Each structure stands twice: as structure tokens, then as C-alpha cells.
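Undergrad: Below you will find the structure I want to go over with you.
The values are calculated or read from the model by the stated rules, or taken from the named source; none is laboratory data. Keep in mind it's a predicted model, so treat the numbers as computed, not measured. All Cβ positions, glycine included, derive from the backbone under ideal geometry; neighbour counts span all protein chains shown. Only protein heavy atoms, including side chains, enter the accessible area calculation; ligands, DNA and RNA are left aside. Shrake-Rupley method; radii C 1.70, N 1.55, O 1.52, S 1.80 Å.
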Amino acid sequence: MTEDLWFGVAVIVLLAAMAAAFARWGREPGEGRGSPVGRFVLIATAVGGLIGAPFWWLDLQPSFAWDLPPLASRMLGVAALAFGVTGIAVLEYPSAARERLFYILILAYLVPLALAAVTLHLDRFDFVRPVTYGFFAVVIVLCIGSALELSRGKDTGPAQFAPGGTVRGWLLLAGLVLAVWGVALFVIPTAPYPLVFNWPQDELSSRLIAAMLMTVAIAFFLSRRDTGLARLALLFAGVYGIGVVAAGLTNAVGGKPMPLLYVTGFCIVGLVSLGLLAGMKGPRISPQAAS
């Protein structure tokens, strides 16, 4: 199948999924659902993440706007899955606070990556390929839409009760580790320490992965005082963590070096986050209740 045909198939699948998602979540007004722009951003991110994840995991052509190493491509697919699953959770249980957190995560992930791509790595993009224009269009639309929603300054209401001390401690400790790791990988992507810097010959792909580490850290930091937001952050990190482990093990099964630090570190992040999420006490969030 040619690259243009793959791109066409992906666009058709995405449009069909978007139509179904708008039929499910986009029409009826409800608590926390924000403006039409906000609903579009939420639905596009959630559906786009879920649809894009298998393309990036399998590294299909044209899977992305630049040629990613297979491991980085799988980790991109895992990031997309984490955004997709978390976005669906926000759409199913909408509130102003959860939507606000999700818009912040979109910006935290896309803005550093877009700035680095335009200022440092524009030579990596082939502007003959349609997927390149698709990449920049998606980034621009989601960033502007998220920024507009945040600028509305919608009242998020009082926070829910804070999560327990164990959860708060985990969010702080894991957030600090991931923040340091992500910033180091983003600022110095070519450092000669292969355990941490897996792609020393590919600065843009290193920064793609670094952006997600920083995004998970931000999710942890912003959710420490609110149980509803903590659940969302733990879900986000849990899906990503377990997915990174699967990506690393796939490398090993294929006879390629396994990124031991990534697999070990994110196995801990994923399992602890999902374990804490499963054990959190307190009332579950109803679709009408604000965080």
C-alpha cells in the first residue's frame, strides 16, 4: 500500500470515528463540557489518540511526520493511547476541572515539541508528504483550541477532598523524577549515557519522548490536591507506563536491545499508578459532579 493510500485510509477512519464520537459526546450540553471549541479539542485528542496509536505502534507508512526509530514510534503510540483513554474518561465524566487539566496536558506535550521542531529540526520534515501538513495542522488546532479554552477562565469550583498521603507522596516523588528525566532528555538529547538517552543520533525523537515524560510529571504535580484529578493523572501515567514496558519488551522479542531503565522505571510508574488508582477510596465521580 502506498504512502498516500495509507494516509487516505487513516483520514477516513479518523473522520468516521470523529463523527461517532460527536454523536456520543458533542451535542448535548452538560456540566463541564465547555464551549464547542473545547468539545472539539477533547474529542479530537481522544479519538485521534486511539486511532493513531496502532499506526504508530506498528510504524506503518505514513505513521508520522518524520521517520521515527521503531522503539520511539511504539512509545509515541503508547502516548497517543494514554491521551485517548484519559480523554474518553474526561468525556464520560466531564467537569471544568478535569477538562482544564486535560487542556494543560495537551499544551505541555505539543508546545515544546512544536517549538523544537520549527526552530531546531525543520530539516527533518518532508513537505512533499501530506502527513507533514497533517502533523502541523493538528498541532496548531489543538494548541490554539486548548489555549482558548484555558483563557476563558471558567470557574472549576471547589476541589474535591485531597487524596491520601501515599497518593500525594507518589505524585510528588514520581513527578520530580520524571520532570528531571524529561528536562534532561529534552535539553541534552545527545548525551552519551544510553540508559537515559536512547536516541543520541536522533535529537527530535529524543525530544518527542522527553515531552511525554514532562507531561506526565505536570499531570502529577497539578493533581496532588484533588482526588478527582489524581485519579485522572494516575490513569494517564498507568496506561503510559505499562505501554512503555510493552514497547521495550517488544524490542527484546525482536532481538534488539531492551531499554532497561525505561522498562524498569515505567514498570514501576505504571504498576504503582494503577495500583493506587484501584485502591483510592472516596465517592466515585458522577458525570454531573464537578471536581
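Undergrad: Which value in Å is the Kirkwood Rh of segment 199-244 over different Cα pairs? Please report the intermediate quantities before stating the final value.
TA: Working: mean 1/r = 0.0870 Å⁻¹.
Every distinct Cα pair counted, the radius reaches 11.5 Å.
Undergrad: How far apart, in nm, are two points set 7 Å out from the Cα along the Cα-to-Cβ line at Thr190 and at Asp67?
TA: 1.9
Undergrad: Where in segment 72-170 are there chymotrypsin sites (Phe, Trp or Tyr not before Pro) that are in a DSSP coil and have at most 14 other Cβ atoms within 10 angstrom of their Cβ? Show your work: numbers first, answer last.
TA: Values: sites: Phe83, Phe102, Tyr103, Tyr109, Phe125, Phe127, Tyr133, Phe135, Phe136, Phe161, Trp170; in loops: Phe125, Phe127, Phe161.
Of the chymotrypsin sites (Phe, Trp or Tyr not before Pro), the ones in loops of segment 72-170 whose Cβ has at most 14 other Cβ atoms within 10 Å are Phe127, Phe161.
Undergrad: Under a 1.4 Å probe, what is the accessible area of segment 3-279 per residue, stated in Å²? Could you put the intermediate results ahead of the total?
TA: Working: 11890 Å² over 277 residues.
The answer is 43 Å² per residue.
Undergrad: Along Cα→Cβ, 7 Å out, is where each label goes; now give me the distance between the ones at Met280 and Val111 in nm to one decimal.
TA: 2.5
Undergrad: Taking 0.36 nm per residue of sequence separation and subtracting the Cα-Cα distance, how much length would be gained by fully extending the chain between Ile104 and Phe127, in nm to one decimal? Each step should come with its number before you reach the end.
TA: Details: separation 23, 0.36 × 23 = 8.28 nm, distance 2.90 nm.
Stretched out fully, the Ile104 to Phe127 stretch lengthens by 5.4 nm.
Undergrad: Rg/Rh for segment 148-222: what does it come to with C-alpha atoms and Rh from Kirkwood?
TA: Details: Rg = 16.2 Å, Rh = 14.2 Å.
Ratio of gyration radius to Kirkwood radius for segment 148-222: 1.14.
Undergrad: Please give the Cα centre distance for segment 229-251 versus segment 39-109, rounded to the nearest Å.
TA: Between the Cα centre of segment 229-251 and that of segment 39-109, the gap is 13 Å.
Undergrad: Tell me the carbon and sulfur percent of the accessible area for segment 3-279, rounded to whole percent, probe radius 1.4 Å. If you can, show how the numbers build up before the last one.
TA: On the way: 8500 of 11890 Å².
Exposed carbon and sulfur together represent 71 percent of the surface.
Undergrad: Relative contact order for segment 3-279: what is it in percent, counting Cα pairs under 8 Å that are at least 6 residues apart? Write out the running numbers ahead of the final one.
TA: On the way: 378 pairs, mean separation 54.6, N = 277.
Relative CO of segment 3-279 lands at 20 percent.
Undergrad: Count charges around Leu171 for me, please; just the other residues with Cβ under 10 Å from its Cβ, Lys/Arg as +1, Asp/Glu as -1.
TA: Numbers: positive: Arg168, Arg224, Arg225; negative: none.
Net charge around Leu171: +3.
Undergrad: Let me ask you something else. Debye sum, Cα scatterers, segment 3-279, no solvent: what log₁₀ I/I(0) at q = 0.08, 0.10, 0.17 1/Å?
TA: Normalising to I(0) and taking log10 leaves -0.31, -0.49, -1.49.
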